[in-house]
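The values are calculated or read from the model by the stated rules, or taken from the named source; none is laboratory data. As the structure is a prediction and not an experimental result, all values here were calculated from the model. Cβ placement follows ideal geometry from the backbone for every residue including glycine, while neighbour counts extend to all protein chains displayed.
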Amino acid sequence: MQTIEEAIKCLQQGGVVAIPTETVYGLAADAAQPQAIKRIFTIKDRPADHPLIVHIGSIAQVQDWAEDIPEMLWPLAERFWPGPLTFILKKKPQVNKLITGGQETIAIRIPAHKKVLQLLVALKCGLAAPSANRFGHVSPTTAQHVIDEFGDDIDGVIDGGACEVGIESTILDLSVKQPRILRPGQISQQQIEDFLGMPLSAMTQQSLRAPGMLKAHYAPKTPLILVEKSALDSQLKKCLADNLKINIWSVSRPHLQHKNIVWQLLPTDRNEFAKVLYHKLRQFDQTSADITLIQHPPKLPEWHGIIDRLTRAAAHFSLDSYLPELNNCAEVQDKLAKEKLKNSSL
Ligand code: TXA
Ligand code: MG
């Protein structure tokens with residue numbers, strides 16, 4: 001897809017087009033066309049109860065989708081939009097529940113990307129757009145990632161370059177009395193609290209209504225293990241003893257060097273880290289490595305979004321369950337058979 005005009009035409013005719021945003025690429029369709037929305041779910045292989053975010057081009061359009069809007073929405077939107085913050089609001093009765101996964105609430109945001117804003121302003125409609133990856137996979141941050149993921153299954157991709165933020169938007173639930181974060185992102189809880197001058201309610205397991213919060217979301221194919229800095233060398237030794245080929249992403253080069261170890265420098269700046277995270281996970285999947293070790297980022301509130309995505313990406317895996325001498329239960333064997341550890345002795 002070469003031009004915005006082509007994308008506009010395609011979307012108006014019920015097409016599904018991948019769009020760049022500042023966070024990740026989205027798989028967009030006109031939110032007012034149920035058949036187009038259904039196609040998004042089919043293409044992504046996404047369960048129908050996982051609601052979509054509606055992307056709009058102006059703050060005034062919030063009222064097309066939501067009602068009983070709390071007063072604090074307007075200053076928050078002025079401050080953080082266009083940007084990586086999604087609000088959950090009470091939906092208008094006429095909003096199709098296909099978009100909201102059957103819920104009475106709706107997720108809305110204005111993305112900060114020149115090309116998609118141009119598209120939204122021209123279309124004057126809302127675009128429903130989940131991240132442009134198959135359900136459970138790593139989100140795409142370049143047009144090429146989207147093409148790798150879907151090929152000809154979609155009607156086009158608008159190439160907007162590499163996403164600046166790199167992880168999905170922060171989701172703030174304003175449909176409840178006590179606003180709360182449902183998904184952490186690069187706009188931190190602290191930033192929102194400082195702006196509002198009040199605390200948000202704590203993010204509990206129960207408050208995790210956003211299905212993107214499934215424990216094992218954002219999963220790469222290559223087993224991924226998060227490792228504390230102090231344990232990097234000992235974990236590397238364990239992997240080498242098992243003859244594994246290892247990608248390691250850490251702040252400094254490990255003391256241990258070996259032909260089976262490929263090291264890359266991990267950014268210490270959280271914006272830089274988020275920006276390259278998904279790209280790196282995809283790159284690691286394209287190597288012949290059996291396992292990826294990533295140094296655990298600083299356990300600080302502003303790293304919450306990154307830690308959240310990394311923890312989920314690593315949720316299937318634990319180093320001990322990959323080492324035969326430590327664990328040989330049937331479930332792990334089965335998992336191993338399906339995973340990339342083809343050279344393992346198991
Ligand atoms: O940065 C982003 O948010 C990207 C870009 C494309 O905008 N979009 C994105 O969409 O991450 P998706 O579908 O991959 O994740 C949207 C999340 C899901 O976890 C979904 O469950 C949640 O938003 N969500 C949508 N509507 C909701 C609602 N009414 N209540 C609670 N969570 C909702
Ligand atoms: Mg997603």
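How about segment 147-171: which of its residues are of a type outside the set (A, V, I, L, M, F, W, C) and in a helix (DSSP H, G or I)? If the condition is that a residue be of a type outside the set (A, V, I, L, M, F, W, C) and in a helix (DSSP H, G or I), then ASP148, GLU149, GLY151, ASP152, ASP153 are the ones that fit. Within segment 37-57, how many residues are surrounded by fewer than 22 Cβ atoms within 10 Å (Cβ to Cβ) and either among the charged types (D, E, K, R) or over 16 Å from the mean Cα position of the chain (by Cα) (or both)? The number of residues fulfilling the criteria is 12. Search segment 49-75 for residues being assigned to a loop (DSSP other than H, G, I, E, B) and either out of contact with any helix residue (DSSP H, G or I) (no Cβ under 6 Å at 6 or more places or on another chain) or of a type in the set (Lys, Arg) (or both), and hand back the single one that is farthest from GLY185 (Cα to Cα). In this case the residue turns out to be ASP68. Filter segment 138-153 down to residues that are buried (at least 24 other Cβ atoms within 10 Å of the Cβ) and β-branched (Val, Ile, Thr) and give me whichever is modelled with the lowest pLDDT. Among those residues, the one meeting the criterion is VAL138.
Listed here are the residues, each with its yes/no results for (1) in a loop (DSSP other than H, G, I, E, B); (2) within 10 Å of ligand 1 (Cβ to nearest atom); (3) of a type in the set (Val, Ile, Thr); (4) touching a residue at least 60 places away in the same chain (Cβ under 8 Å).
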site	(1), (2), (3), (4)
ASN133	yes, yes, no, yes
SER139	yes, yes, no, yes
HIS145	no, no, no, yes
VAL176	yes, no, yes, no
ASP194	no, no, no, no
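If you go through segment 119-131 and keep only what is away from ligand 2 (no atom under 16 Å from the Cβ) and either within 19 Å of ILE53 (Cβ to Cβ) or without any contact (Cβ under 8 Å) to a residue 40 or more places away in the chain (or both), you end up with LEU119, LEU120, VAL121, LEU123, LYS124, CYS125, GLY126.
Looking for whichever is modelled with pLDDT under 95 and closer than 25 Å to ARG183 by Cα here; the options are ARG209, ARG270. Which one fits?
Numbers: ARG270 fails: modelled with pLDDT under 95.
Selected residue: ARG209, the only one of ARG209, ARG270 that is modelled with pLDDT under 95 and closer than 25 Å to ARG183 by Cα.
Checked against (1) farther than 27 Å from PRO47 by Cβ; (2) buried (at least 22 other Cβ atoms within 10 Å of the Cβ); (3) of a type in the set (D, E, K, R), ARG109 meets all criteria but (1).
In the set (1) over 16 Å from LEU52 (Cβ atoms); (2) within 15 Å of ligand 2 (Cβ to nearest atom); (3) not hydrophobic (A, V, I, L, M, F, W, C), the condition left unmet by PRO179 is number (2).
Among the residues of segment 241-260, are any part of a loop (DSSP other than H, G, I, E, B) and closer than 30 Å to GLN189 by Cα? The answer is yes; a qualifying residue exists. Here segment 1-31 is the region considered, the condition is being assigned to a loop (DSSP other than H, G, I, E, B) and within 16 Å of ligand 1 (Cβ to nearest atom), and the residue that is surrounded by the fewest Cβ atoms within 10 Å (Cβ to Cβ) is GLU22. Filtering segment 111-122 for residues that are in a strand (DSSP E or B) and of a type in the set (Lys, Arg) leaves an empty set.
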